Amino acid sequence: AVSRFSVTAVTKLTSLATSIPNALLNAAICIISTIFMATTFEAIIRFLKKNLPDKVTETAGYVVKSFRNVIMKYGISYLIIMLMTFGEIAIGLLIIGKPHALLIAALIAVFDIFPIVGAGLILLPWTVITFIQGNVLQGIGMAVLYVVVIIVRQIMEPRVVGRQVGLPPLVTLACMFVGTSL
């Protein structure tokens with residue numbers, strides 16, 4: 001068992017050691033190409049407009065404009081969701097009697113925007129710790145608060161995002177599911 005572990009450990013370390021130079025080279029190429037693209041962006045656009053057919057440049061312009069529009073609407077929808085989450089958590093923490101409720105609610109609302117982090121990464125451990133400390137009533141309040149935040153988010157996110165982007169809520173929900181799965 002020890003020899004198998006040693007072989008596995010050496011194999012993994014060797015694989016890691018050999019992948020580091022490749023990762024550094026890829027990072028360097030990415031950084032350098034990004035700098036080149038950023039400094040010559042206007043020249044690249046002029047070159048493309050000059051050498052591509054008008055139909056292609058018009059279509060590309062439309063795609064870029066539409067993409068910017070969707071990203072802006074998507075950002076607005078998540079700002080709305082973040083404000084809703086802030087309001088729910090602030091009211092819940094004030095009812096529970098937690099100090100600095102508004103600051104904590106703002107921080108949790110910001111964390112809630114990130115898909116993997118979410119409000120649960122803060123509220124669930126906090127709820128468990130509250131129960132462990134013997135504050136059963138506050139623990140129940142924290143658990144109810146977490147459930148409310150999750151339910152409201154699950155109901156409202158497809159509606160808010162769909163309304164902003166211009167998609168029906170069911171289509172938005174399906175897109176979110178596929179995106180999360182990917």
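The values are calculated or read from the model by the stated rules, or taken from the named source; none is laboratory data. All values derive from a computational prediction rather than experimental measurement. Here the Cβ is made from the backbone with ideal geometry for all residues, glycine too, and neighbour counts use every protein chain on show. Accessible surface areas use protein heavy atoms only, side chains included; no ligands, DNA or RNA. Shrake-Rupley method; radii C 1.70, N 1.55, O 1.52, S 1.80 Å.
Which angle between 0 and 90 degrees, to the nearest 10, do you get for helix 54-96 versus the longest principal axis of the chain when only C-alpha atoms count? Once rounded, one gets 10 degrees.
The Cβ shell under 15 Å around VAL149 holds other residues with a net charge of -1, Lys and Arg each +1, Asp and Glu each -1. Between the stretch 101-167 and the stretch 1-72, how many Å separate their Cα centres? Going from one Cα centre to the other spans 34 Å. Calculated mean residue ellipticity, 222 nm, the chain: -31000 deg cm²/dmol, from DSSP H runs (n ≥ 4) at -39500 (n - 2.57) each, averaged per residue and rounded to 500. Per atom type, the chain shows carbon and sulfur on 76% of its accessible surface, probed at 1.4 Å. Taking THR85, THR11, THR59 as the candidate residues, the one with maximal mean-square fluctuation in a Gaussian network model of the chain, Cα springs under 10 Å, is THR11.
With every protein chain left in place, what is the accessible area per residue of the chain in square angstrom, probe 1.4 Å? Could you put the intermediate results ahead of the total?
Values: 13190 Å² over 182 residues.
Roughly 72 Å² per residue, with all protein chains present.
Once the Cα atoms are used to define both axes, helix 41-51 deviates from the longest principal axis of the chain by about 50 degrees.
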